[in-house]
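Working notes, beginning with the structure itself.
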Amino acid sequence: MTFGVRREMKMIEKLFGKWNDIKLKNKLLIAFVILILVPMSLIFVLSYTSLKNSTLKKFTIYNQVLFENAAKEAQNFLEELNSIKYDFIMDDSLMSDIGKTFARYTDPQDSFLYTNILTKISQYISTKEIVQSVQIINKSKEVYFFSKLQGDVPYENDKQIKEGFFAEIVKQEGKYVNGGYDKTRGVYVVGCELFSRDKIQPVGEMIVSFSLDFLKDVIEKYHLTEGGFYVADRSSNKVIFKTTDKFESIIEKLILKDETKLIPKTIFFEETIPDLNWEIIYIVSESSLLNNFSYTKRLLILSFSFLAIFAILFLIFISENITAPITRLIYQMRNLEHSRLKNNIKIARKDEIGNLLNSFYQMLKRIDELVIRVYEEEIARKNAEINLLYMQLNPHFLYNTLDTINALAELGRCKDVSVLAVSLAKFLRSNMAINKSTVSLADEIKQIEHYLTIMKIRFSGKLSYKIVYSQEEVLKAEVPRHLLLPLVENSVVHGFKNKNGDAKILIRAKKIENRLKLEVVDNGCGIEHEKIEKIKNASNDGIGIPNIIKRLKLLYKEDFDFEIKSKVGFWTKIIIQLPWDKVVKKEEKENVHSFDSGR
């Protein structure tokens, strides 16, 4: 006994020794699991189980009441069958006429007696909601038939309904016999023998057909749509009505009274309609009843709120008694939020907290260095890429302009060459004087005017242009250099390449809410849809529109719109929208101006 106690003591000491070797973080996690998660889980399981059972019981009782009311209403509808039977029996003259054997004329409709019987039958049926047709066969095999269904015909023999149906009707002596569901007519068929009022003399057999659609209205009225609603014929053990196939296997077992093999977590209710030997069954799963689990949710929220308060109090206790070094570390971290950390800071402590502080200071210093380096590299990359794109642009414009001068010189148009050369000089002087990536919209328009002056000479006066701006302030907007000029050049070089009539260009600038909208429109040959898609995706290697899109992305990222609209053979419109707050800073008064140098 003494040896066993010593061994247990050694085991306890060993456990305490291992506990002391565990790091502070792991100790806190273990304590949190034992003191917080375990009680929380236990309370949650107990609360949820209790509330779930009580809620399920309440919903079960509620659905049972609904089902019983639905069954009663269904039985009230079916009372029409007894009602129409007693209507006929209580009408002595009708029973007398049906029981007579009379000689018809060449056509049954010529018989007044026959017509009178059908009229009375139709009057009785018209007051019934579910009854669709009535067929009466008297003892002389005379057939009287009336139906609400268009094109409906009477049954010629019992094989059309059920083998031995008429014989079974005679045996039941006035009680209804189930004939089953007639799929071709979409009705359920029952039959009974008609007697005179004194129940001495049988008059004939009556076959009643009625619709089962009233069951759908009853189900909808009592909100029995979450489960499955079934009607079974006990005489044949067949389902004659159902709202879903989900519980088909359960229904088969219920009909056969094999309730020992039912699927668990399902609830069913049953009611019998004796007159037709029907059984109405409603099956619903527990999960469906618990869909609206609001009461349980509210209770669980209260439970978790209590546990959350308990957890907060516990963590405060841990903060004050165990994690005081961590609290001091957080305080020192907050004091360093605004420092640049230019010199290394060393902490004298050698424990876990000291190592954490030293690592933290080194991390801050490294982050500061990396942020500066990444920022400088990004600026250098953007400047290099923008400069490279402008180096592509200038030779492109210059080449096309010199080619035009050469063509005019060959034609001997010296005066036009002089005007063109002066315009080119102004264009190059203005272009080289600007060494930044953005210019005012006014400067961009001046560049375009220099270029179009040259192009007007080339087109021998057939080229005209119009520049319109809606507010004075838009001219002060800072836009990317060479934003509109390549678009105008594309209109001249490509849009008017095979133009026979006058060539026109419209440049429009206006402020719409918080956007600067720029448009370049020409009446040239247009652009095909496939080519527009390639241009939008910058899939070609040109230095016109793809170049503009690249520069816009560099300057505005995704905060811009570039749209191309065109009708082949008629016109092309390019729309650019830029963020107003990034292109101007000061608000100006609206002053609508327009100038047209192409008139």
I'd like the trypsin sites (Lys or Arg not before Pro) in segment 487-536 restricted to DSSP loop residues with at most 13 other Cβ atoms within 10 Å, sorted by number. 497
If each of residue 61 and residue 425 carries a label point 7 Å out from its Cα toward its Cβ, how far apart are those two points in nm? 10.5 nm
Per-residue SASA entry for residue 92, accessible area with 1.4 Å probe, Å² rounded to 10: 80 Å²
So for 414, 525, what's the accessible-area order with a 1.4 Å probe, most first? 414, 525
Is there a quick way to get the dipole size of segment 36-160? I mean about its Cα centre, with the Cβ of Lys and Arg at +1 and of Asp and Glu at -1; what is the value in debye to the nearest 20? 680 debye
Please identify the GluC sites (Glu not before Pro) of segment 468-552 that satisfy two criteria: DSSP loop assignment and at most 15 other Cβ atoms within 10 Å. Which are they? 513, 528
Filter the cross-link list 216/253; 476/557; 175/199; 183/216; 553/582; 446/466 down to pairs whose alpha-carbon distance in this structure exceeds 19 Å. 216/253; 476/557
Using the beta-carbon distance between residue 41 and residue 365 and R0 = 56 Å, what value does 1/(1 + (r/R0)^6) give for FRET efficiency, to the nearest 0.05? 0.80
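The values are calculated or read from the model by the stated rules, or taken from the named source; none is laboratory data. These numbers come from a predicted model, not from an experiment. Glycine gets a Cβ as well: all are built from the backbone with ideal geometry, and neighbour counts include every protein chain shown. The area values use the complete protein model at the heavy-atom level, side chains included, leaving out ligands, DNA and RNA. Shrake-Rupley method; radii C 1.70, N 1.55, O 1.52, S 1.80 Å.
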